[in-house]
Amino acid sequence: MSESIFPYSFSLVLTYVLTRLLIPVAPKLGLMDVPCQRKKHTGAIPLVGGLAIYASVFICTMLFTKLQIELLSIITLGGILTTLGTLDDKYGLSPNLRLALQFCAGGLLSYGAGIELQTLGNAIGLGMIQTGFLAIPLTAIGIAALANAYNMTDGIDGLAASLGIVAFVSLIISLHDKLNPSELKVLSFYTLSLCIYLIFNFAIKPLAPSKVFMGDAGSMFIGFSIGAFCIYFSQKSEYELAPTTVLWFVAVPLYDMVATMIRRMRKGQSPFYPDRTHLHHLLMHLGLNGKQALAAIVTFAATLGGIGALIDSYKIESYYSFAAFVGVFIVYLQVILHAWKVKKLFE
């Protein structure tokens, strides 16, 4: 029993120790988040949470799992995205360069590890949709989309990490009896590392000496990894997980990204234009504080993730699942696009 618990306990302790060690190093590395017009926090905050999460997941995977080419590829390419995010945290890379490198990571995952979106399932009720020669570009698009989606949610304390936990836990619950020991451990290492990160992100005393952000390094790593695992598990018949089902596990980041980009384009702005119109910003405009907005969004995400798990459990047809997913998004989009009317209801 103690042997089975040890890898998970080690993951918790390692993430904690790595974060503590990286905090005093952050100023020397130039990894400090300084308040500005878009960033309303107080004081310079170390941007080392993502580095600690990645290092912990990588080390624990190397020590405690029987290496599979798919798992090793996801974590190795995730390291490239973490490095990219770290450079972005320090120097501020252009959105186009970030997007190009995210596409490359998705393409490499497909071409090198064979993790690719070969089928979309029976999403529209006309039979299985095979992607054929579009498998690699669609994989790259999906990976880049989720890397950006989780990056965009990282606007209030705890949100990106909590949404990541929802996705990983949803995968574990849906696949618990189909995962091999290595796969279960890796998904658990991600989840546990994110839990420890939250202690520092919320600066919970006395465990956390100071507040820490995960930075683009962390949010892109988490988004990339979740996208990769969703594709991996939904494309192999032995897992019996439909591609339309995993959409529910990542629904809130996807909804928020697409709705925000639509709002920006309606204003004649670039879809990548930075602003304060994400879901968490709109909830705070309605009068919620950061923790209340976080609780509302995570509850929403967990509910949708639970719907996905139930859909998987009862093996509901993919076209019903996809139709419901799109229907929820349409309602969500209308609320977001008319947020000022919704705000009046609360005044």
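The values are calculated or read from the model by the stated rules, or taken from the named source; none is laboratory data. Note that the coordinates shown come from a computational prediction; the quantities given were computed from them, not determined experimentally. Using ideal geometry, Cβ is built from the backbone for each residue, glycine included, and neighbour counts are taken over all protein chains shown. These accessible areas exclude ligands, DNA and RNA; they are computed on the full protein's heavy atoms, side chains included. Shrake-Rupley method; radii C 1.70, N 1.55, O 1.52, S 1.80 Å.
Any idea how far apart Ile173 and Leu87 come out in nm if each label point goes 7 Å out from Cα toward Cβ?
The two pseudo-label positions are separated by 3.9 nm.
State in Å² the accessible area per residue of region 84-133; use a 1.4 Å probe, count heavy atoms of protein chains only, and round to the nearest integer. Please report the intermediate quantities before stating the final value.
Numbers: 2760 Å² over 50 residues.
Heavy-atom SASA per residue in region 84-133 reads 55 Å².
I need the phi-derived Karplus couplings for region 129-139: 6.51 cos²θ - 1.76 cosθ + 1.60, θ = phi - 60°, integer Hz, Gly and Pro marked x.
Once θ is set to phi - 60°, the couplings for region 129-139 become 9, 8, 8, x, 5, 8, 4, 5, x, 5, 4 Hz.
Using a 7 Å offset from Cα along Cα-Cβ at Ala323, what residues in region 213-245 end up with backbone N under 19 Å from the label point?
242-245
Report the percentage of all Cα-Cα pairs in region 69-147 whose separation exceeds 15 Å, rounded to a whole percent. Please list the in-between numbers first.
Numbers: 1827 of 3081 pairs.
Distances greater than 15 Å cover 59 percent of the Cα pairs.
So what is the calculated 222 nm ellipticity per residue for the chain, using -39500 (n - 2.57) for each DSSP H run with n of 4 or more, over all residues, to the nearest 500 deg cm²/dmol? The partial results should precede the final answer.
Working: 15 runs with 241 residues, N = 347.
Taken over the chain, the calculation gives -23000 deg cm²/dmol.
Based on a Kirkwood Rh over C-alpha pairs, give the Stokes-Einstein translational diffusion coefficient of region 224-270 at 4 °C and viscosity 1.567 mPa s in µm²/s. Don't skip to the answer; put the middle values down first.
Values: Rh = 12.2 Å.
Reported coefficient: 106 µm²/s.
Between Ser270 and Leu29, what is the spin-label point distance in nm, taking each point 7 Å from the Cα along the Cα→C-beta axis?
That separation, rounded to one decimal, is 2.7 nm.
Please list the non-local residues whose amide H lies under 5 Å from the amide H of Ile129, H modeled 1.01 Å from N, same-chain partners needing a gap of 5 or more.
Leu120, Gly121, Asn122, Ala123
Need one number: nm distance between label points at Tyr111 and Ile330, each 7 Å from Cα along Cα→Cβ, rounded to one decimal.
Rounded to a tenth, the inter-label distance reads 3.9 nm.
For Met32, list long-range residues whose amide hydrogen, built 1.01 Å from N in the peptide plane, is under 5 Å from its own amide hydrogen.
The list, which skips near neighbours in sequence, is Leu47.
Compute the normalised compactness of region 59-110: alpha-carbon radius of gyration over 2.2 N^0.38 Å, N being the residue count. Working shown, then result.
Details: Rg = 13.0 Å, N = 52, 2.2 N^0.38 = 9.9 Å.
Ratio of Cα Rg to 2.2 N^0.38 Å: 1.32.
Rounded to the nearest 20 debye, what is the charge dipole size of the chain about its Cα centre when +1 sits on each Lys and Arg Cβ and -1 on each Asp and Glu Cβ? Please report the intermediate quantities before stating the final value.
Numbers: 23 positive and 18 negative charges, 239 e Å.
Dipole about the Cα centre, nearest 20: 1160 debye.
Could you tell me the ratio Rg/Rh of region 97-215? Both radii from Cα atoms, Rh via Kirkwood. Before the final figure, lay out each step's value.
Working: Rg = 17.4 Å, Rh = 16.6 Å.
Here Rg/Rh amounts to 1.05.
Which shape class, rounded, prolate or oblate, goes with the chain when its Cα gyration tensor gives a ≥ b ≥ c as root eigenvalues, a/c under 1.5 marks rounded, and past that a/b bigger than b/c marks prolate? Mind dumping the intermediate values first?
Numbers: a/c = 1.44, a/b = 1.05, b/c = 1.38.
Judged from the Cα gyration tensor, the chain comes out rounded (a/c under 1.5).
Between rounded, prolate and oblate, where does region 292-335 land on the alpha carbon gyration tensor, with a ≥ b ≥ c its root eigenvalues, rounded for a/c under 1.5, else prolate if a/b exceeds b/c? The partial results should precede the final answer.
Details: a/c = 5.65, a/b = 1.41, b/c = 4.00.
It is oblate, given that a/c is not under 1.5 and a/b is not larger than b/c.
Between Thr86, Gly30, Ile59, whose Cα lies farthest towards the positive end of the dipole of region 12-131 when Lys and Arg beta carbons carry +1 and Asp and Glu beta carbons carry -1, centred on the Cα centre?
Of the listed residues, the answer is Gly30.
Note the full-extension length gain between Ser313 and Cys195 as 0.36 nm times their separation in residues minus their Cα-Cα distance, in nm to one decimal.
On the way: separation 118, 0.36 × 118 = 42.48 nm, distance 2.63 nm.
Contour length minus Cα-Cα distance gives 39.8 nm.
Determine, for each peptide in 281-289, 43-51, the mean count of other beta carbons within 10 angstrom over its residues, then list the peptides with the highest first. Display every interim value, and only then the final one.
Numbers: 281-289: 16.2, 43-51: 23.7.
Going by the mean number of other Cβ atoms within 10 Å, highest first, we get 43-51, 281-289.
Classify region 242-337 from the C-alpha gyration tensor, please: rounded if a/c falls under 1.5, else prolate or oblate depending on whether a/b exceeds b/c.
Working: a/c = 2.73, a/b = 1.54, b/c = 1.78.
Because a/c hits 1.5 or more and a/b fails to exceed b/c, region 242-337 counts as oblate.
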